Amino acid sequence: MVMVWAVTVILTLLVLMVLGLLMRMSQAGALAVRPDYFYAMMTLHGLGMAGTLFIGGVIAVWYHAFRYVQPSLALFRWIYVLVLVGTVGVIVATLVGRHGSGWYMLYPLPFITTWARWSTSLAIVSILVLGVAWLLAQLELLRAFAARYGARRLLAWEYITGATPQEPLPSFILIATVSLLAGAITTVVGAVVMMLYLFKWFVPALQLDALLLKDLMFLFGHTLVNITMYLGVALLYERLPLYTGRAWSVNRVVALAWNATLVFVLFAFLHHLYMDFAQPKALQVIGQVASYFSAIPATVVTMFGAATQVYRADVKWSFAPIAYYLGIVGWAVGGLAAVLDSTIAVNVYFHNTLWVPGHFHTYFLVGYVLMLFAALHEIVSPEAQSRAKAALAVFVVGGYGFVTMFYLGGLAAVPRRYATYQAIPIKQVAAAGQALAGYAAWFVGLVLVGLLLYLAALVGEWRRNWAVV
Ligand code: HEM
Ligand SMILES: [Cu+2]
């Protein structure tokens, strides 16, 4: 089953990246894409990436969790079916119905329809189906962890109070618990929003509170993508020691850092509302503080741990440790750009410029995606080495080139989410946006070549491993 998941995830990423290429080409003026198609593609790309990478991480965690616990295999088959159904629904709603309200479907945008009305309801129902699948997956893993370690021990509080635990808690289980707990809570919030949307779709006269819905949507959306990153980090703590020969265990500092993350990650979403002047000022301050505190302790502890893992260690640098390590570097670079942007004084300049896709594409494309590549490679075809390493090199060069163009666009004040830059009345901004998009498209080409080479390296070997789980 895990093989089917791995293939599906990689192929989906490929398709979504091609959509990304088409968007960049449209912005470069190299391809005429009608705006309604551009926004439909952008919505599918964003929703698809967020969802696929999240479930991909859950699957990798599920697979590696077998070392410690017994999550249900049958349930993960059903989850596959649900995810497939939901994904097909989103594809039809966007590419056929041209629903284009962006990946976080901000109220009331989904209901100001320039697209087919049915596509809004299909998108809502499909996301609800995906939400059910995600919730089931998260709860099942948490159940399996609790069955083995006891619910009260999963957050490593013993390490904080100084008591000696009867059985050590793997750091993998601690970080996965933090991620899945925050994920499960906010998935429910997302489902509530979708239910409200569904009411609104049936009864258009219904008026909902736009600010409240924005808060709820970002509580869901921000947290989902944030904990996706943390699933990658959980894998890093679990797998890197295998190559360095050094344990990466829970201690008091690690336990404190990840407990802090669990609390603050639930309030960091407020940084998406800095421009909402109706929101009480205190919440803006909480947003900034929580953004720092949800990122910094976990990052510092992880960076320090990752450095001590390899410092003067006799590491055999095969594909997986290289990819995990490059992943953590991308995570740090993108994280720095993100924390900068979550600082109110800086956000005033960068809000809604290409700086924003700049930072999240960094920690995803050249951060988390590399960790996922490492995890899938370990599962699918650990024997494929030199070809996979070459693929990684091409992918990383292309990836950094591509995100650099977003940052330069942000510095040049190019706004995000423009189908074409020709409509921008300030000539220098339009010209900069267009030129940078053109360079970016070439780098995307490299990314796609890298991904195809990686896929080919895996295919070459995976028949041998088809039998695992
Ligand atoms: C080669 C890979 C990729 C390419 C070429 C690409 C390209 C793009 C482009 C051109 C945009 C629109 C930017 C704008 O003008 O606002 C975009 C938005 C976005 N991308 Fe990517 N992307 C890639 C990978 C990823 C990955 C790995 C993720 C993972 C999370 C991701 C998530 C998103 C999201 C969430 C949006 C925002 C959609 C919205 O504004 O509603 N992308 N991407
Ligand atoms: Cu956020």
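The values are calculated or read from the model by the stated rules, or taken from the named source; none is laboratory data. Note that the structure is a prediction, hence the values are computed from the model and not measured. Positions of Cβ are generated from backbone atoms using ideal geometry, with glycine treated the same way; all protein chains shown enter the neighbour counts. Accessible surface is based on the protein model in full, side chains and every heavy atom, while ligands, DNA and RNA are left aside. Shrake-Rupley method; radii C 1.70, N 1.55, O 1.52, S 1.80 Å.
Summary of computed values
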{"item": "Selection count where residues are within 13 Å of ligand 2 (Cβ to nearest atom) and part of a helix (DSSP H, G or I), scope segment 351-373", "result": "6"}
{"item": "Among the residues listed as Val58, Val129, Val92, the single one being closer than 20 Å to Ala234 by Cβ and aliphatic (A, V, I, L, M)", "result": "Val58"}
{"item": "Qualifying residue in segment 308-328 (condition: within 16 Å of ligand 1 (Cβ to nearest atom), open to solvent by 20 Å² or more (accessible area, probe 1.4 Å), at pLDDT 95 or above and within 29 Å of Leu169 (Cβ to Cβ))", "result": "yes"}
{"item": "From Leu136, Leu181, Leu128, Leu169, residue being open to solvent by less than 30 Å² (accessible area, probe 1.4 Å) and of a type outside the set (Gly, Ala, Ser)", "result": "Leu169"}
{"item": "Filter result for the condition that a residue is out of contact with any Cys (no Cβ under 7 Å at 6 or more places or on another chain), open to solvent by less than 40 Å² (accessible area, probe 1.4 Å), away from ligand 1 (no atom under 16 Å from the Cβ) and in the same structural domain as Gly358 (by TED's automatic domain parsing), over Val9, Val2, Val61", "result": "Val2"}
{"item": "Hits in segment 222-263 - residues which are more than 16 Å from ligand 1 (Cβ to nearest atom), within 18 Å of Gly335 (Cβ to Cβ) and without any contact (Cβ under 8 Å) to a residue 60 or more places away in the chain", "result": "Ala257, Ala260"}
{"item": "Residue count, segment 92-118 (criterion: assigned to a loop (DSSP other than H, G, I, E, B) and without any contact (Cβ under 8 Å) to a residue 24 or more places away in the chain)", "result": "3"}
{"item": "Single match in Leu455, Leu392 (criterion: among the aliphatic types (A, V, I, L, M) and at pLDDT below 95)", "result": "Leu455"}
{"item": "Single match in Ala93, Ala28 (criterion: of a type in the set (A, V, I, L, M, F, W, C) and either buried (at least 22 other Cβ atoms within 10 Å of the Cβ) or within 16 Å of ligand 2 (Cβ to nearest atom) (or both))", "result": "Ala93"}
{"item": "Selected residue (only one of Ala430, Ala423 is aliphatic (A, V, I, L, M), free of Cβ contacts under 8 Å to residues at least 24 places away in the same chain and either under 21 Å from Asn347 (Cβ atoms) or open to solvent by 20 Å² or more (accessible area, probe 1.4 Å) (or both))", "result": "Ala423"}
{"item": "Condition met for Gly245 (out of contact with any Lys or Arg (no Cβ under 7 Å at 6 or more places or on another chain) and at positive phi)", "result": "yes"}
{"item": "Filtered residues of segment 264-303 (kept if assigned to a loop (DSSP other than H, G, I, E, B) and away from ligand 1 (no atom under 16 Å from the Cβ))", "result": "Leu266, Phe267, Tyr274, Asp276, Phe277, Ala278, Gln279, Pro280"}
